[in-house]
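The values are calculated or read from the model by the stated rules, or taken from the named source; none is laboratory data. What you see is a predicted model, and the numbers here were worked out from it, not measured in a lab. So basically every Cβ, Gly included, is an ideal-geometry build from the backbone, and we count neighbours across all protein chains shown. Note: areas computed on protein heavy atoms with side chains; ligands, DNA, RNA excluded. Shrake-Rupley method; radii C 1.70, N 1.55, O 1.52, S 1.80 Å.
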Amino acid sequence: MSVISYTFPAAAICFVILLFLGLRREALLPPPQCVQRHGVLPILVITAVYAVAAFCNLGSAAAPQSFCVFERGKSATLMLPETEAIGSIFYYTGLGTGDYTVALSTDGETYTDVGTMPQQYADLFKWKYAEFDDDADLTARYVRITAHGGTELGEVAVYRADGTKIDVSAADALLDEQSLVPDAPDWRNSTYFDEIYHARTAYEHLRGVQPYEVSHPPLGKLILSLGIALFGMTPLGWRFMGTLFGVAMLPVLWDFLRRLFHDDRIAVCGTLLFAFDFMHFTQTRISTIDTYAVFFILLMYLFLYRYFTEGKLRYLGLSGLFFGVGAACKWTCLYAGAGLGMLWLLHWIFRGVEDVRAGEGRAFTRALLGNIGFCLVFFVALPCCIYYVSYTPYATAAGLRGAGMYFTRDYFDIVWENQKFMFTYHAGLEATHPYSAPWWQWLFDVRPILYYLEYGDGNTVSTIAAFVNPLLCWAGLLSLPVLGYQAVRQRDRRALFLLIGYLAQVLPWVFISRITFEYHYFPATVFLVLGLCNVFDLLRRRGKLGSVYCFTAVCLALFLAYYPALSGLPMSRNYAWYFLKWFPSWPF
């Protein structure tokens, strides 16, 4: 840390305070009926620009696709053109866990064990270097690799001591894709962070084998697997769908903002804030399931709001549909569902008070009972069916087939046992992590998480960090008391809607004792943007749109400044230390 780096957060805090000083009591302009200046052109441009930024340098489109299948004790032998002094062995892992013993020989008869090639659960679909014994003689013409578990190995490259690759020929899958061997392992060609679980499991679903990661419902991994089906088991393949959903969030949010505030200018600024928020950018480019949960949370709240404002039952049904799809991706959507339930209850309480005062008590009772029946179908029965059917890959991997399997005790037991496992796993998880952060730290951006960290030559470093743009994080937090004031003192139902949406994503974590991380705040960032756009609307009605544009522009400038830290591009360590590390707890 340096004196220079402390000036940035100080300036940011002052900037946020100045934004909110614009809310001082002044005459308000009337709320607009609908300000539409350029139709859909702005969101098309924003979506296109963001899509280019998100898909650019997402990951390699090429990786070994043929694998040598090893049973325990099985060996494969590589013959070098001549006896060489080996410097390193580079290999690409596939499914299955275990280790390989590396043995060398000069004559093909007598072999000496010289090291191992680990392939544990955290090593899958990665390029790795063999680990040699310190005192081993690495002069050899023959390299024998022996498996100690049921594993799949994608490719092996052998290098001389001077770093040049040795041309090795063999009629097996270990040497048939040598052109795909990268210069070094990194996030572009290998899994990183929780991709070791989710990308692997998505691939297992495609292969029809028992999944490894069963601590979350299956649907998110099934969506993820569509990218693998399109582009193969490659970094691009396992990251594609998450990034696509990250792009798809933008027009949905834009439509939501237009319906909330009836002003294209606010919709554009809010969409830009979310599109180029640090968390949104990083989280949708990693192959995990959180992106799908956030996408469906956004949809379920959009359609509930449309039901409240337009009164059409089909929108309530769509809200329930997307709640069911989201819950089948990740349980955090259940928190969002609790928010939906609270908003639905308050809606009918408010309506009941109005109808009773108007002498329409009987009509209200009939309408309420009919709506309860509708909700039982679309928020209970339909989500349960979606959730239940999402376990199809678990059942097919266990040998069940046909539509009739859904009505068997075996299928039910598969689903039920997984629910018990997930609950006990998450409730009893005890672990430590250098980047863990309790819920209250998310609110202030205290402890970002680094998904990837690699120090390079020439005083450079590569990181992939997940945290909220500090301006959005702090200004969004300050927008919550404004929502509370409007909801309580002004009885503003729109403000109440947004406030409950945010609290539904944060309050459950207050009571959770397991290890948590900054990325668990991702669903709440949607409501930070919505809450901040409510402040933008108040500023607009005070004739201060200039401050809204200025705030948005500074947030975009911060994204550009932090882009290397979010995308894994090499950057100067001095740049990271003196300009990006605003607080000692930020791990740059």
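Would you tally the net charge around Lys330, using a Cβ to Cβ cut-off of less than 11 Å, leaving Lys330 out, and scoring K and R as +1, D and E as -1?
Spelling it out: positives minus negatives among the neighbours equals 0.
Can you list the aspartates and glutamates whose alpha carbon is less than 18 Å from that of Lys312, not counting same-chain residues fewer than 8 positions off?
Counting by Cα, and skipping residues close in sequence, Lys312 has these aspartates and glutamates nearby: Asp255.
Around Thr288, what is the net charge, scoring Lys/Arg as +1 and Asp/Glu as -1 over all other residues with Cβ under 14 Å from its Cβ?
Result for the neighbourhood of Thr288: 0.
Short version: ³J(HN,Hα) in whole Hz for each residue of the range 102-108, in order, from phi by Karplus 6.51 cos²θ - 1.76 cosθ + 1.60 (θ = phi - 60°), x for Gly and Pro, what are they?
Running phi through 6.51 cos²θ - 1.76 cosθ + 1.60 with θ = phi - 60° gives 9, 10, 10, 8, 9, 10, x Hz.
Counting Lys and Arg as +1 and Asp and Glu as -1, each charge on the Cβ, what is the dipole of the chain about the Cα centre in debye, to the nearest 20?
That gives a dipole near 3960 debye.
Does the range 363-483 come out rounded, prolate or oblate by the C-alpha gyration tensor, with a ≥ b ≥ c the root eigenvalues, rounded set by a/c under 1.5 and, if not, prolate when a/b is larger than b/c and oblate if not?
On the way: a/c = 2.96, a/b = 1.40, b/c = 2.12.
Because a/c hits 1.5 or more and a/b fails to exceed b/c, the range 363-483 counts as oblate.
Residues with beta-carbon under 12 Å from that of Leu236, excluding Leu236: net charge, scoring Lys, Arg +1 and Asp, Glu -1?
Values: positive: Arg188, Arg239, Arg285; negative: none.
With Lys, Arg at +1 and Asp, Glu at -1, the net is +3.
May I ask you to evaluate 6.51 cos²θ - 1.76 cosθ + 1.60, the Karplus curve with θ = phi - 60°, for each residue of the range 172-178 and list the ³J(HN,Hα) values in order in whole Hz, giving x for glycine and proline?
Running phi through 6.51 cos²θ - 1.76 cosθ + 1.60 with θ = phi - 60° gives 8, 6, 6, 9, 9, 9, 5 Hz.
Starting with the highest mean, order 113-126, 177-190 by the number of other Cβ atoms within 10 Å, averaged over the residues of each peptide.
Values: 113-126: 18.1, 177-190: 16.4.
Highest to lowest by the protection proxy: 113-126, 177-190.
So for the range 461-561, averaging the separation of alpha carbon pairs under 8 Å that are six or more residues apart and normalising by length, what relative contact order in percent results?
This gives 36 percent for the range 461-561.
Add -39500 (n - 2.57) for each DSSP H run of 4 or more in the chain, then divide by its residues: what number comes out at 222 nm, to the nearest 500 deg cm²/dmol?
Numbers: 19 runs with 301 residues, N = 588.
Result for the chain: -17000 deg cm²/dmol, rounded to the nearest 500.
Among Val40, Thr146, Leu580, which residue has its Cα positioned farthest towards the positive end of the charge dipole of the chain, with +1 placed on the Cβ of Lys and Arg, -1 on the Cβ of Asp and Glu, and the dipole taken about the Cα centre?
Most positive-ward Cα: Val40.
Please report the relative contact order for the range 183-250, taking Cα pairs under 8 Å with a sequence separation of at least 6, and give it as a percent rounded to a whole number.
27 percent
Taking only C-alpha pairs under 8 Å that are 6+ residues apart, what is the relative contact order of the chain in percent?
Values: 1002 pairs, mean separation 98.2, N = 588.
That works out to 17 percent.
Ranking request for peptides 6-12, 575-581, 93-99: highest mean number of other beta-carbon atoms within 10 Å first, then the rest in descending order. Please report the intermediate quantities before stating the final value.
Working: 6-12: 13.9, 575-581: 17.9, 93-99: 19.7.
Sorting 6-12, 575-581, 93-99 by mean packing, highest first, produces 93-99, 575-581, 6-12.
Given (i) 3, 15, 23, 24, 17, 10, 5, 2, 1, 0; (ii) 3, 12, 19, 22, 19, 14, 7, 3, 1, 0, 0; (iii) 3, 12, 17, 17, 14, 11, 9, 7, 5, 3, 1, 0, 0, which label gives P(r) over Cα pairs in 10 Å bins from 0, in percent as computed from the coordinates?
(i)
Take the solvent-accessible surface of the protein heavy atoms, probe 1.4 Å, and return the percent of it on the chain that carbon and sulfur atoms account for.
C and S atoms contribute 62 percent here.
Near the amide H of Tyr451, under 5 Å away, which other amide H atoms are found, from residues 5 or more places off or on another chain, if H is placed in the peptide plane?
Ile464, Ala465, Ala466
Hey, what's the range 403-477 come to in accessible area per residue, 1.4 Å probe, Å²?
50 Å²
Please go through the residue pairs Lys126/Lys221; Lys126/Lys165; Lys128/Lys581; Lys221/Lys420 and name each one whose alpha carbons sit more than 26 Å apart in this structure.
From Lys126/Lys221; Lys126/Lys165; Lys128/Lys581; Lys221/Lys420, over 26 Å: Lys128/Lys581.
With angles folded into 0 to 90 degrees, how steeply does helix 470-489 sit against the dominant principal axis of the chain? Use alpha carbons for both and round to 10.
30 degrees
In terms of modelled amide H atoms, which long-range or inter-chain residues lie less than 5 Å from the amide H of Gly456?
When sequence neighbours closer than 5 places are left aside, the close amide H contacts are Val461, Ser462.
Residues with amide H under 5 Å of Phe276's amide H, sequence separation 5 or more or different chain, H placed in the peptide plane at 1.01 Å from N; which?
Under 5 Å from the amide H of Phe276 lies no amide H from a residue far enough along the sequence or on another chain.
Out of the GluC sites (Glu not before Pro) in the range 300-375, which ones are loop residues according to DSSP with at most 16 other C-beta atoms within 10 Å?
Glu360
Whole-Hz Karplus ³J(HN,Hα) for the range 289-305, in order, using 6.51 cos²θ - 1.76 cosθ + 1.60 and θ = phi - 60°, x for Gly and Pro?
9, 4, 4, 5, 4, 5, 4, 6, 4, 4, 5, 5, 6, 4, 6, 5, 5
Hey, can you find the accessible area per residue of the range 241-299 for me, probe 1.4 Å, expressed in square angstrom?
About 14 Å² of surface per residue is accessible.
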